[in-house]
Amino acid sequence: MESVLGIIGTITGVLGLFVAVFIALRQVQAEKTQAKERAEEKELYAKELERQKQELEIQKQEMTRTERLMFLTDRIFDPYIPKKFKLPFYEEYISMKGNGTAVRFWQLEAEREKKLLQPT
């Protein structure tokens, strides 16, 4: 009887060892999977962060351009600045591909002034 209990105990111990090894292997596999998922999440987060930085840089450049165009427009339409001094502002405005309507208005205004100054 003791030998049967010894055999049962040994078999139970061996099965317990196999179960423990199996559980340990499953835990290692689960940790590897989780580590891989965390790495993928970090990569996605880094890509998203880079995309947001690029978008912010584009917005910053657009804002800078818009502010410069507004400054140039203010100088072009400033009635206290003589026409001959407005030309550099006008040329920069054109080179920056500013609003064509504002430029055309400025050109028409200059033509009207020329007509008024020319003797008829």
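The values are calculated or read from the model by the stated rules, or taken from the named source; none is laboratory data. Note that the structure is a prediction, hence the values are computed from the model and not measured. Here Cβ is always computed from backbone atoms with ideal geometry, including for glycine, and neighbour counts include all displayed protein chains.
Only one residue in Phe85, Phe77, Phe22, Phe18 is hydrophobic (A, V, I, L, M, F, W, C) and within 39 Å of the chain's Cα centre (by Cα). Which one? After applying the criteria, what remains is Phe77. Under the condition of being basic (Lys, Arg) and surrounded by 11 or more Cβ atoms within 10 Å (Cβ to Cβ), the residues counted in the stretch 47-88 number 5.
For the stretch 69-90, a tally of residues being closer than 17 Å to Thr101 by Cα and of a type in the set (Phe, Trp, Tyr) returns 4. In this entry, Glu43 passes the filter for residues that are farther than 30 Å from Glu113 by Cβ and either at pLDDT below 95 or assigned to a helix (DSSP H, G or I) (or both).
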